[in-house]
Amino acid sequence: MEKINKVLLLGSNGQIGSNIKKKLFKIGKKNKCLSKQELNLENLVSIEKSLNKIKPNMIINAAAFTKVDEAEIKKKKCYKINVLSTKKIADWCYKNNCFLVHYSTVYIFDGKNNKDWKENNKPKPINFYGKSKLEAEKKIFSSKCNYLILRLNWIYSDYGNNFPSKIIKKIKKEKNLSIVNDQFGTPNHAEFISNISIKILQKIINSKINPKILNISARGKTNYYKLTEKILNKLGSAFQSCNLIPIDSYTYRKLGKNTPIVKRPSNSLLNLRKLENFLNVKMPYWDQIFEKKIKKLIKNTLKNY
């Protein structure tokens with residue numbers, strides 16, 4: 001790969017983007033960060049104009065429509081942001097010899113595999129969000145641009161809208177809380193994902209070896225019920241009156257208007273062999289990271305609630 005002079009980060013205010021932004025200096029010297037307010041990916045015409053003006057030689061696309069339930073209702077918006085804007089970006093990258101780094105998701109798989117998902121497993125999404133992210137990958141492939149796709153699962157951060165922050169708010173206001181116990185995955189803090197992303201890009205730049213598609217995750221697994229138990233324990237005695245009720249995902253979807261309306265993969269575990277071999281390191285376990293991050297997450301959530 002040629003020397004990286006200017007990196008453009010899209011989605012710079014998101015969970016991943018806000019953490020990547022702090023580390024961009026490790027990749028390029030002249031960098032530009034755009035939030036969704038600064039570059040609206042629904043406005044497809046503005047994308048090419050912005051890219052022509054900035055002229056990056058690496059684009060990190062951390063922007064996406066990620067609200068899984070809402071995607072079923074706002075399909076046009078989801079498709080435009082996740083698929084059509086990605087096509088525009090990938091086509092521009094091909095024409096301008098620009099390297100594209102794109103974040104994807106384990107939701108491109110149906111979750112029915114008993115083992116963790118490898119990069120070359122056959123995709124079969126079971127909801128519209130997953131379908132849109134898979135279609136985005138296909139647009140990148142067909143563009144023939146130079147790309148790296150990084151697949152993620154169960155992202156959370158100190159701020160923003162994520163599973164732990166939602167659960168903290170529910171525990172505070174509800175006496176009985178039904179939590180799914182048959183969906184398994186690996187909680188991953190956005191800062192950890194960002195750190196690994198930077199290491200991958202540094203390796204690609206220095207070695208000129210591009211793995212094309214990589215899963216990024218910590219090791220280990222849990223389910224939503226066990227994760228909620230862990231969060232409740234960390235909240236302390238003032239919150240222990242909340243009663244957690246384990247429930248299967250099928251029953252949970254049928255509970256009522258405030259529950260998810262779409263299916264989610266029962267198995268969201270990502271295989272890490274390719275990642276660990278590429279970086280020649282062993283990923284830490286998710287709960288080691290969680291123990292270090294949960295206090296700040298709780299503090300930020302309760303302060304803003």
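Here is how the numbers come out for the structure above:
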read-out: Pairs, first free of Cβ contacts under 8 Å to residues at least 60 places away in the same chain in the range 138-158, second among the small types (Gly, Ala, Ser) and in a strand (DSSP E or B), C-beta under 7 Å, six or more apart; value: none
read-out: Residue list for the range 90-99, restricted to those being surrounded by fewer than 22 Cβ atoms within 10 Å (Cβ to Cβ), part of a helix (DSSP H, G or I) and touching a residue at least 40 places away in the same chain (Cβ under 8 Å); value: ASP91, TRP92, TYR94
read-out: Breaking point among (1) more than 27 Å from ILE204 (Cα to Cα); (2) basic (Lys, Arg); (3) in contact with a helix residue (DSSP H, G or I) (Cβ under 8 Å, 6 or more places away or on another chain), for LYS115; value: (3)
read-out: Selected residue (criterion: surrounded by the most Cβ atoms within 10 Å (Cβ to Cβ)) from residues of the range 187-214 that are more than 23 Å from LYS22 (Cβ to Cβ) and in contact with a Lys or Arg (Cβ under 8 Å, 6 or more places away or on another chain); value: ILE213
read-out: Residue within the range 100-111 that is of a type in the set (Gly, Ala, Ser), in contact with a strand residue (DSSP E or B) (Cβ under 7 Å, 6 or more places away or on another chain) and either assigned to a loop (DSSP other than H, G, I, E, B) or modelled with pLDDT of 95 or more (or both) present; value: yes
read-out: Flag for LYS77 being surrounded by fewer than 22 Cβ atoms within 10 Å (Cβ to Cβ), part of a loop (DSSP other than H, G, I, E, B) and not small (Gly, Ala, Ser); value: no
read-out: Scan of the range 148-186 for residues that are acidic (Asp, Glu) and either closer than 22 Å to ILE247 by Cβ or surrounded by fewer than 21 Cβ atoms within 10 Å (Cβ to Cβ) (or both), ordered by number; value: GLU174, ASP182
read-out: Residue identified as part of a helix (DSSP H, G or I), modelled with pLDDT of 95 or more, touching a Lys or Arg at 6+ places or on another chain (Cβ under 9 Å) and among the basic types (Lys, Arg) among LYS124, LYS87, LYS131; value: LYS87
read-out: Condition check for GLY28: touching a Lys or Arg at 6+ places or on another chain (Cβ under 6 Å) and either at pLDDT below 95 or more than 23 Å from ILE200 (Cβ to Cβ) (or both); value: yes
read-out: Filter result for LEU8 (outside any helix (DSSP H, G or I) and either more than 17 Å from the chain's Cα centre (by Cα) or touching a residue at least 60 places away in the same chain (Cβ under 8 Å) (or both)); value: yes
read-out: The range 210-236 residues that are touching a residue at least 24 places away in the same chain (Cβ under 8 Å), paired with ones that are among the acidic types (Asp, Glu) (beta carbon under 8 Å, 6 or more apart); value: ILE213/GLU119; LEU214/GLU119; ASN215/GLU119; GLY220/ASP287; THR222/ASP287; ASN223/ASP182; LYS230/ASP287
read-out: Members of the range 259-297 that are among the aliphatic types (A, V, I, L, M) and either within 26 Å of ASP248 (Cα to Cα) or outside any helix (DSSP H, G or I) (or both); value: ILE261, VAL262, LEU269, LEU270, LEU272, VAL281, MET283, ILE294
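Table: residues versus (1) closer than 25 Å to ASN304 by Cβ; (2) part of a helix (DSSP H, G or I); (3) hydrophobic (A, V, I, L, M, F, W, C).
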residue: ALA136; (1), (2), (3): no, yes, yes
residue: ILE140; (1), (2), (3): no, yes, yes
residue: CYS145; (1), (2), (3): no, no, yes
residue: LEU150; (1), (2), (3): no, no, yes
residue: GLY160; (1), (2), (3): yes, no, no
residue: ILE168; (1), (2), (3): yes, yes, yes
residue: GLU191; (1), (2), (3): yes, yes, no
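The values are calculated or read from the model by the stated rules, or taken from the named source; none is laboratory data. Because the structure is a prediction, the values reported are computed rather than measured. Positions of Cβ are generated from backbone atoms using ideal geometry, with glycine treated the same way; all protein chains shown enter the neighbour counts.
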